[in-house]
Structures are given as structure tokens and as C-alpha cells.
Amino acid sequence: MKKIGILIFFSAFLLSCKSTNVIPAYSEFTKPLAPDYNKEENWAVLPGTYSKELKQFSSTQIDTLQADVFYVYPTLNTEKEDLRWNVPIADKKQQQKVVNKAILFQASAFTTSGKLYVPYYRQAHIRSYKMLENGGRKALLLAYADVKKAFETYLEKYNNGRPILIASHSQGSTHTKFLLRDFFDNKPLQKKLIAAYIVGTVIKPDLYTTIKPMKNPNEVGGLVGWNTFKKGAYPKKKDFFKGSVTTNPITWNGERNTVLEQHKGFLFTNKKLYKKALKIEVTDGLVWSSTPKFPKRFFMSFIQNYHVGDINLFWQDIRENAVLRTKTWQEKTN
């Protein structure tokens, strides 16, 4: 069963993209009701609602944290049998995925840097990216409308002028790219931006006017991002990520290669941390990783695209870097 679990975890994203079902036109789709983010039930995580599992990865003194983390989760609505364009936020199956997968193995990396805020949103189905002109664009824009509204509510109700870390993956990064444009780029709120970890998407270095890719581990006010593949592997469209921001998620600087000893830790689905588990090579648009060292790793040899592991492969590296950037921001502003 463990072997099957490993294969499922690292191949779910690829398999989910092969949906061939006939789906209804977007115009015929009944949109789920818009969420009210003044209601706590519409948030997967607020500082006072950490699950027992999340608490084990969090600061023991959460009330003393001086920063906030606003995290937007990746595409979890992937089943080809699901004909919906957007999933209702009250969908229990989706909520379980958000809490037990995305938050536990991604957002948890940031919980020693700031208080965590995670809104549920009417996520677009994975097929939306392949069917942009046939409804996908509208589905994604609907999802972003939720993320934007949640962030507005967060600013009005919870932030109280605190500095902010933005963190996201995959579809979540599609939306946070817009968040940075709408709320931070060349705007007063950028002064409160510690860092934006915009992972698992294409993001050009010149996308913003005043928000730039960060090239040092203690730099603040900018963004980092990367896309992870097995060493020597490329996406189907070989140049798809070419020119995209490609941060080294181990050294956080311009170094192209790392050794095993530099890797701080990979959080696997068994909730165990594996240190010195991989080495990477940074190419144009891609982070190439060696096969991670962990039990049953033989099955990783069949996987070329490490997209679903973009964050948890470097979980401890991200955790320590987020703390460093937060401390640096506080020192510069005090």
C-alpha cells in the first residue's frame, strides 16, 4: 500500500490532466454561491483554528508571531469524472484535500514565520488550463474573484498593519500573481510585503513594475519562484518555462548547483522529514532535482515532473528561509 501511495502522490497531477470527458459549456454551468469571508467557516485556516496536525509543524507561541502568511492552495479539483468548472467551497471532499494535503504539506512550511490565513475558494477544475477559450478562463477568473475578496476581507478584518508573506502553488500561484498586481505592485502595501513565494507557475522577471525577483536569501520585498523536474527532464512543451523566474530553493542565490549536504529537508506524505535527500541544478526556467532519497524511492524513477512536490521537496529549506526574510524585514523596519 505504501508503494501505491508514493506513485499516486507524485503522479496525480499528470494523470489528472488527461481528462477527455465531454463537459457542459460554461454558460450552462450553475456557478456555486459566492462565499462571505466575514464568516469563519469560509476559511480553511485562521490563526485560532489550526488543526492538531498543523499545530505540530507550527510555532508553539503563535500569538507572538509578528507577521502574517496568506496562502493560496494548488489545484485539487482534478477528477476527470467531475464535470463542474468550479467547486463549491462547502464541498467536503475538496475541503479535506485542502486541509490534509495542501495545508499540511505546503502551508505548514510557513507557520514559524507568521500567522496563517487560508481561504477556501471556488477553485477552477484542472481542465480549465487546457480549455481557456471554452470556459476555463472564466472559471479561473471566478476563482480569483474569491481569492481577491478573501484578501480584501483579511486586510480589513485581520491584518492590522502587520507585514505579510504571500505563499502559493500551481493554481494558487495563478491567483497570487494577480494579487501582487492588484494590491502590492507600485502600491503603498508593498512596504508591508516581506516576500512572495509564487511557486509552480510561469512568472516573468519583468511582470511587475516595483516587485522584483529576489537573488539573496535575506532579501525582502520581492518574489521567488521555481518549477521542479527530475534531472534532465522537460515538460511536453520543452520551452514552456523558459525565461521564468527560477530561484534556487536551497541556497536562495545565483548558485546553479547544490550538493546533498546543503538540502535541509523534504517533508514526505508520512509526515517525516528527510534531510540531505536531494541535490539540484538550476536551468533556464527549471529546477532539476536528483531522485529524492527516502523509503521506496525506486518508484520515483518513473516520474519526470515533480510539480506536486515543488514545495514539500524543499519544505525545511523554505521554512528557514521564510523565517530569515521575516527577521530581516523586522530589523530593517524597526
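The values are calculated or read from the model by the stated rules, or taken from the named source; none is laboratory data. Being a predicted model, the structure only gives us computed values, none of them experimental. With ideal geometry, Cβ positions are generated from the backbone for all residues, glycine too; neighbour counts draw on all protein chains shown.
The residues of the range 92-113 that are in contact with a Phe, Trp or Tyr (Cβ under 9 Å, 6 or more places away or on another chain) and either in a loop (DSSP other than H, G, I, E, B) or basic (Lys, Arg) (or both), listed by number, are 97, 101, 106, 111, 112. Applying the selection to the range 168-207, what residues are touching a strand residue (DSSP E or B) at 6+ places or on another chain (Cβ under 7 Å), of a type in the set (Gly, Ala, Ser) and farther than 15 Å from residue 325 by Cα? If the condition is that a residue be touching a strand residue (DSSP E or B) at 6+ places or on another chain (Cβ under 7 Å), of a type in the set (Gly, Ala, Ser) and farther than 15 Å from residue 325 by Cα, then 168, 172, 173, 200 are the ones that fit.
For the range 77-96, residues that are basic (Lys, Arg) and surrounded by 16 or more Cβ atoms within 10 Å (Cβ to Cβ) total 2. Checked against (1) among the basic types (Lys, Arg); (2) modelled with pLDDT under 95; (3) farther than 25 Å from residue 178 by Cβ, residue 31 passes all but condition (3). Among the residues of the range 256-269, those identified as within 22 Å of residue 301 (Cβ to Cβ) and free of Cβ contacts under 8 Å to residues at least 40 places away in the same chain are 257, 258, 259, 260.
Condition check ((1) in contact with a Leu (Cβ under 9 Å, 6 or more places away or on another chain); (2) of a type outside the set (D, E, K, R); (3) without any contact (Cβ under 8 Å) to a residue 12 or more places away in the chain) across all residues:
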{"residue": "194", "(1), (2), (3)": "yes, yes, no"}
{"residue": "208", "(1), (2), (3)": "yes, yes, no"}
{"residue": "222", "(1), (2), (3)": "yes, yes, no"}
{"residue": "225", "(1), (2), (3)": "no, yes, no"}
{"residue": "242", "(1), (2), (3)": "yes, no, no"}
{"residue": "251", "(1), (2), (3)": "no, yes, no"}
{"residue": "254", "(1), (2), (3)": "no, yes, no"}
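Looking across the range 234-250, the residues that are buried (at least 18 other Cβ atoms within 10 Å of the Cβ) and not small (Gly, Ala, Ser) come down to 234, 241, 245, 246, 247, 248, 249, 250. Residue 282 meets the conditions (1) surrounded by 17 or more Cβ atoms within 10 Å (Cβ to Cβ); (2) over 20 Å from the mean Cα position of the chain (by Cα); (3) touching a residue at least 24 places away in the same chain (Cβ under 8 Å); (4) farther than 20 Å from residue 106 by Cα in every case but one. The failed one is (2). Look at (1) of a type in the set (Lys, Arg); (2) within 21 Å of residue 324 (Cα to Cα); (3) free of Cβ contacts under 8 Å to residues at least 12 places away in the same chain and you find that residue 92 fails only one, number (2).
Restricting the range 183-195 to residues that are surrounded by fewer than 19 Cβ atoms within 10 Å (Cβ to Cβ) and part of a helix (DSSP H, G or I), the residue that is farthest from the chain's Cα centre (by Cα) is 188. Going by what's in this entry, would residue 180 be described as assigned to a helix (DSSP H, G or I) and either touching a helix residue (DSSP H, G or I) at 6+ places or on another chain (Cβ under 9 Å) or of a type in the set (A, V, I, L, M, F, W, C) (or both)? So residue 180 fits the description; yes.
Selection of the range 233-267 for residues being of a type in the set (D, E, K, R) and either assigned to a loop (DSSP other than H, G, I, E, B) or within 18 Å of residue 309 (Cα to Cα) (or both) yields 236, 237, 238, 239, 242, 255, 256, 264.
Can you list residue pairs whose Cβ atoms sit under 6 Å apart, with the first residue in the range 102-127 being touching a residue at least 60 places away in the same chain (Cβ under 8 Å) and the second being of a type in the set (Gly, Ala, Ser) and part of a strand (DSSP E or B)? Count only pairs 6 or more apart in sequence or on different chains. Every condition considered, the pairs that remain are 110/167; 118/44; 120/44.
Identify, please: which residue in the range 288-332 is acidic (Asp, Glu) and under 15 Å from the mean Cα position of the chain (by Cα) and is, among those, farthest from residue 165 (Cα to Cα)? That would be 310.
Residue-level analysis places residue 198 outside the set of residues that are in a loop (DSSP other than H, G, I, E, B) and surrounded by 17 or more Cβ atoms within 10 Å (Cβ to Cβ).
Among the residues of the range 40-88, those identified as among the small types (Gly, Ala, Ser) and without any contact (Cβ under 8 Å) to a residue 60 or more places away in the chain are 48, 51, 58, 59.
Among the residues of the range 203-232, write down those that are β-branched (Val, Ile, Thr) and either touching a helix residue (DSSP H, G or I) at 6+ places or on another chain (Cβ under 9 Å) or part of a strand (DSSP E or B) (or both).
Taking the range 203-232 first, the residues β-branched (Val, Ile, Thr) are 203, 209-211, 220, 224, 228.
Once the filter is applied, which keeps residues that are β-branched (Val, Ile, Thr) and either touching a helix residue (DSSP H, G or I) at 6+ places or on another chain (Cβ under 9 Å) or part of a strand (DSSP E or B) (or both), the range 203-232 yields 203, 210, 211, 220, 224, 228.
Selection of the range 116-167 for residues being touching a strand residue (DSSP E or B) at 6+ places or on another chain (Cβ under 9 Å), among the basic types (Lys, Arg) and crowded, with 23+ Cβ neighbours inside 10 Å yields only 122.
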